[in-house]
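Inspection log for the structure reproduced underneath, given as structure tokens.
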Amino acid sequence: MLAYLAIIFSAILANNIVFSQFLGICPFIGVSKNLESAFGMSMDVAFVMAVATAVTWLLQHYVLLPLGLVYVQTIAFILVIAVLVQMLEIIMKKTSPGLYSALGVFLPLITTNCAVLGVAIIVAQKDFGFLYSIVYAVSTALGFGLALSLFAGIREQLALAELPRSMRGVPIALITAGILAMAFMGFSGIC
């Protein structure tokens, strides 16, 4: 139980996928202009990351390793993630049109989110067990959501602030992201 708590704390704070491992930066910068879109992206990423990690773990342990095909791991994982996102989009469109219209905008972005692929590869490299992999994926997704939500809240406030013209938009966003990354680095000594 203590090992699971350590992985949860580590994945959310100490080894945050955005601030420590620099994965998922594109949606972090692009979708974080308001809290609503950041929350929608976070929920979609959490679901896809958990399902993709489970499927890629099974693929790794029951197909790639036994057949000696580990060298195609990255390509196989990318294909699995793309197929999962497409299936999720189709299922949501047919079963829950309201949810699809609310969250469906972010689904194509998840296909190109390197954080999802990064978690699948990290799980494979560290040879986590199945349950441990799922806990790691969900915790990492929560860390991604925390980073995205914090950044979106700060960006909403920065939009109201009087800033020099040269600092508006992306420049102040990157400076803010750097300060947030340094703040999250404070947790690295705990785990």
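Report whether or not residue 187 is open to solvent by 30 Å² or more (accessible area, probe 1.4 Å) and either farther than 30 Å from residue 61 by Cα or in a helix (DSSP H, G or I) (or both). So that I can check it myself, show each step before the final result.
Working: open to solvent by 30 Å² or more (accessible area, probe 1.4 Å): yes; either farther than 30 Å from residue 61 by Cα or in a helix (DSSP H, G or I) (or both): yes.
Yes: the conditions hold for residue 187.
Sort out which residues of segment 33-52 are in contact with a helix residue (DSSP H, G or I) (Cβ under 8 Å, 6 or more places away or on another chain) and farther than 14 Å from residue 110 by Cα, and write them in order of number. 33, 34, 35 - these are the residues of segment 33-52 that are in contact with a helix residue (DSSP H, G or I) (Cβ under 8 Å, 6 or more places away or on another chain) and farther than 14 Å from residue 110 by Cα. Just a yes or no: is a residue in segment 66-74 over 24 Å from residue 129 (Cβ atoms) and surrounded by 14 or more Cβ atoms within 10 Å (Cβ to Cβ)? Within segment 66-74, not a single residue is over 24 Å from residue 129 (Cβ atoms) and surrounded by 14 or more Cβ atoms within 10 Å (Cβ to Cβ). Which residue pairs have Cβ atoms under 9 Å apart, sit 6 or more places apart or on different chains, and have a first residue in segment 109-121 that is farther than 15 Å from residue 75 by Cβ and at pLDDT below 90 and a second that is acidic (Asp, Glu) and buried (at least 17 other Cβ atoms within 10 Å of the Cβ)? So the pair list comes out as 109/44; 110/44.
Among residues of segment 17-69 being modelled with pLDDT under 90 and among the polar types (S, T, N, Q), the one that is nearest to the chain's Cα centre (by Cα) is 42. Residue pairs whose Cβ atoms lie under 6 Å apart, separated by 6 or more positions or on different chains, with the first residue in segment 79-101 and at negative phi and in a helix (DSSP H, G or I) and the second open to solvent by 60 Å² or more (accessible area, probe 1.4 Å) and at pLDDT below 80, are 92/99. For segment 123-132, the condition holds for no residue, the condition being that it is among the β-branched types (Val, Ile, Thr) and either open to solvent by 50 Å² or more (accessible area, probe 1.4 Å) or within 19 Å of residue 38 (Cβ to Cβ) (or both). The set of residues from segment 147-161 being open to solvent by less than 60 Å² (accessible area, probe 1.4 Å) and touching a residue at least 40 places away in the same chain (Cβ under 8 Å) comprises 147, 148, 149, 151, 152, 153, 155. Within segment 61-74, residues that are of a type in the set (Phe, Trp, Tyr) reach no partner that is modelled with pLDDT under 95 and open to solvent by 60 Å² or more (accessible area, probe 1.4 Å) with beta carbons closer than 7 Å at six or more positions or on different chains. The condition (being open to solvent by 60 Å² or more (accessible area, probe 1.4 Å) and either of a type outside the set (A, V, I, L, M, F, W, C) or out of contact with any Lys or Arg (no Cβ under 9 Å at 6 or more places or on another chain) (or both)) is satisfied by just one residue among 171, 164: 164. Residues in segment 47-60 that are without any contact (Cβ under 8 Å) to a residue 40 or more places away in the chain and within 30 Å of residue 152 (Cβ to Cβ): 51, 55.
Out of everything in segment 10-46 that is of a type in the set (Phe, Trp, Tyr) and in contact (Cβ under 8 Å) with a residue 60 or more places away in the chain, what residue ends up being surrounded by the most Cβ atoms within 10 Å (Cβ to Cβ)?
In this case the residue turns out to be 19.
The values are calculated or read from the model by the stated rules, or taken from the named source; none is laboratory data. For clarity, every value in this text was computed on a predicted model and none was experimentally measured. All Cβ positions, even for glycine, are placed from backbone atoms using ideal geometry, and neighbour counts span all protein chains on display. The accessibility values were calculated without ligands, DNA or RNA, using every heavy atom of the protein model including side chains. Shrake-Rupley method; radii C 1.70, N 1.55, O 1.52, S 1.80 Å.
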